[in-house]
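Beneath this line is the structure, given in structure tokens, with notes to follow.
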Amino acid sequence: MLTFGIYTVEQYARARAKRPLSGASVSYGLLKIGDNPTEQEISRFEDISLIFCTSNGTRRTTCRQRMQDVDAATLELLQRCHQQRADLLMQDRGASSCLTSAEFAGCFFRAFPYANLEASDRLLWVFRISLAKGKTYIIEPDGEPLQYISPPFVVSLNAYKRERSPLRRIIAAQGKRLFRQLG
């Protein structure tokens, strides 16, 4: 079956209402949300994060309240060992989308208002390169291309997420060739 792609918020909303997104060709550009996101934007971000695949094949599979019991135990231990005014620094490396870090931060900062929390990952954001006629690339900060959007298609340029359809492979090959020419 030929599949096109989901590259607008409206397409995402229609597709999500019909079925889960696993395996769908969803533009990572839809991960972009504002500073004060709505519940719909947060939900879209979390859904797409579950199918997101970096150029090295890493996936960001996490969900809300996944570490709730660990957070409670950690906080209890910290409160036994440190005073509320302690100047603590908590670091989360390999934080993926930072969802679990953000959830822990809520209770951590209430218990330790002078504390700091750093969360980082190899990849916390992606960039969008927009070209004429709606053609778009989604790339990692180091310039590694992840997706090529050539409406109505969204194709993966990731070696770990190879396209199955011959037509989609041709479009991906064209996207890779055009990307090299941008350099």
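The values are calculated or read from the model by the stated rules, or taken from the named source; none is laboratory data. Quantities reported herein were computed from a predicted structural model and do not represent experimental measurements. Don't worry about glycine lacking a Cβ; one is built from the backbone with ideal geometry, like all the others, and counts go over all protein chains shown.
Screening the stretch 95-130 for residues that are closer than 16 Å to CYS63 by Cα and within 13 Å of the chain's Cα centre (by Cα) and picking the one that is surrounded by the fewest Cβ atoms within 10 Å (Cβ to Cβ) gives CYS98. Taking GLU41, is it free of Cβ contacts under 8 Å to residues at least 12 places away in the same chain and surrounded by 12 or more Cβ atoms within 10 Å (Cβ to Cβ)? Here the answer is yes, as GLU41 does meet what is asked. Looking at SER96, is it in contact with a Lys or Arg (Cβ under 7 Å, 6 or more places away or on another chain) and not charged (D, E, K, R)? Against the criterion (in contact with a Lys or Arg (Cβ under 7 Å, 6 or more places away or on another chain) and not charged (D, E, K, R)), SER96 qualifies.
Restricting the search to the stretch 69-89, which residues are touching a residue at least 12 places away in the same chain (Cβ under 8 Å), out of contact with any helix residue (DSSP H, G or I) (no Cβ under 8 Å at 6 or more places or on another chain), exposed (fewer than 13 other Cβ atoms within 10 Å of the Cβ) and in a loop (DSSP other than H, G, I, E, B)? Within the stretch 69-89, ARG85, ASP87 meet the criteria.
As a summary of the residue check, GLY134 satisfies the conditions (1) at negative phi; (2) in the same structural domain as ARG44 (by TED's automatic domain parsing); (3) surrounded by fewer than 14 Cβ atoms within 10 Å (Cβ to Cβ) except for the one numbered (1).
All conditions in (1) part of a helix (DSSP H, G or I); (2) within 22 Å of ASP142 (Cα to Cα); (3) more than 11 Å from the chain's Cα centre (by Cα) hold for SER49, with the sole exception of (3). Take SER49 and tell me if it is in contact (Cβ under 8 Å) with a residue 40 or more places away in the chain and farther than 27 Å from LYS133 by Cβ. For SER49, the condition - in contact (Cβ under 8 Å) with a residue 40 or more places away in the chain and farther than 27 Å from LYS133 by Cβ - is met. Yes or no: ARG66 closer than 18 Å to GLY29 by Cα, surrounded by 12 or more Cβ atoms within 10 Å (Cβ to Cβ) and not hydroxyl-bearing (Ser, Thr, Tyr)? No; evaluated as a whole, the condition is false for this residue.
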